[in-house]
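K.L.:
Pasting in a structure now, in structure tokens, and then I'll have a few things to ask.
Derivation of every value follows stated rules applied to the coordinates shown; laboratory data play no part. This structure is a prediction, so every number in the text was calculated from the model and none was measured. Every residue, glycine among them, receives a Cβ derived from its backbone with ideal geometry; neighbour counts consider all protein chains shown.
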Amino acid sequence: MPLKIVRNDITKVKADAIVNSANKNPICGGGAEYSIYEAAGREALLAAREKIGPLKVAEIAVTPAFALNAKYIIHTVGPRWNGGVSGETLALAGCYRGALEKTKELGCNSIAFPLISSGVFKFPKDSALKIALRAIGEFLDSNEMDIQLVVFDRKAFEVSEELYSDIHAYIDDNYVNDKYDDVHNYISSNRWKDNFNIFDHVERLQENGAESTPDTSDEILCCPIFSSARATKQEATESSLADLMSNPGESFRDRLINLIREKNEDDVQVYKRANLNRKHFSKIRSKADYKPTKKTALALAVALRLNLDETTDLLARAGIALSPSNKGDLIVKYFIERQMYDIWEINSMLFKYGQPALGA
């Protein structure tokens, strides 16, 4: 689980380190910080924080986690929003980088962040999110760690309004859930027409003014000529099926490995861009019959920067398909069609729509 965006109360999350978006001075502030102090044990945490003293913006400090389900609390002071002209963007990125490096130094394997500065410090949530994902992504390029970005309220979780509106319109244009049953029923009721070429002959008779044609498929199939044709077609079908079964196409695992080679990538680059960890990717490599979940298969397609046809082909080798009645599939398709392969941006939009994230 390299990076996962979750909707939760950060005091309820289990991780080796919990990040507190702290006040500069050793006091219990409001918002998420207040919740952390209350859950950890107000008096004990405040006493530990007083020993540290005041902190500068982006400075890092560590205290025990006390009653929290963690080992440490990483305290960092986020910047206040001042229109983006006072270095607050760099300072916010520094908060994430500093906390991650300190967590690594402490030997931790997991860390949980709030969306720093996006509350009382008024940092726009879409900007705060992009900075968080970029800083975390850069860290994961060269490190292994399980990271959670904890958002308390999905409704307050903002993304670029322009991108959100564009995707919302795309889903409206392509979402067929309400019509799907009608389409399915139409196909089912007409499928029998494709069973035998003989029905083309029947239609031609009707077009040429024949006085009568068989009323049912049973009358047609009882005809000796048609029965013979059916037997011949069945033999041919069985032969073709035997040929197909003796020469199956590439498996998902084999196609993935070949794509990595064809695109001059290496395993580490791919699994990191796919938001997967080394253990998961090793499992894929070692199992010839590996069957991925859809979110894993799509994450790998994004990591390899596949176009839509290549993505469809890779998924098909695992028996998976993109569905026009699945909003998560439509969101991923939107990004792939536009050659936008930033998995963190994709996952933030999936989270906004309440859909499973790719990768972890």
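K.L.:
Over the stretch 3-158, what is the relative contact order in whole percent, taking alpha-carbon pairs under 8 Å and six or more residues apart?
P.N.:
31
K.L.:
Return the whole-Å distance between the Cα centroid of the stretch 252-297 and the Cα centroid of the stretch 2-43.
P.N.:
35
K.L.:
Just rank Val85, Val332, fewest to most, by other beta-carbon atoms within 10 angstrom.
P.N.:
If I rank by nearby Cβ atoms, fewest first, I get Val85, Val332.
K.L.:
Going by how many other beta carbons lie within 10 Å of each one, how would you line up Tyr334, Tyr271, Tyr170, fewest first?
P.N.:
Fewest to most other Cβ atoms nearby, the residues stand as Tyr170, Tyr334, Tyr271.
K.L.:
Related question: With all pairs of different alpha carbon atoms counted, what Kirkwood hydrodynamic radius in Å does the stretch 3-158 show?
P.N.:
Across the stretch 3-158, the inverse of the average 1/r is 15.2 Å.
K.L.:
Please compute the net charge surrounding Glu43, taking Lys and Arg as +1 and Asp and Glu as -1 over other residues with Cβ under 12 Å from its Cβ.
P.N.:
0
K.L.:
To continue, here is another question. I'd like the FRET efficiency for Asp267 and Asn25, computed as 1/(1 + (r/R0)^6) with the beta carbon distance as r and R0 of 51 Å, rounded to 0.05.
P.N.:
0.60
K.L.:
Taking the number of other C-beta atoms within 10 Å as the exposure measure, put His75, His168 in order starting with the fewest.
P.N.:
His168, His75
K.L.:
May I pose another question? Could you tell me the relative contact order of the stretch 252-352? Use alpha-carbon pairs under 8 Å, at least six residues apart, and round to a whole percent.
P.N.:
Worked out over the stretch 252-352, it gives 28 percent.
K.L.:
Here is a further query. Give me the number: length gained by fully extending Ser282 to Arg305, i.e. 0.36 nm times residue separation minus the C-alpha to C-alpha distance, one decimal in nm.
P.N.:
6.2 nm
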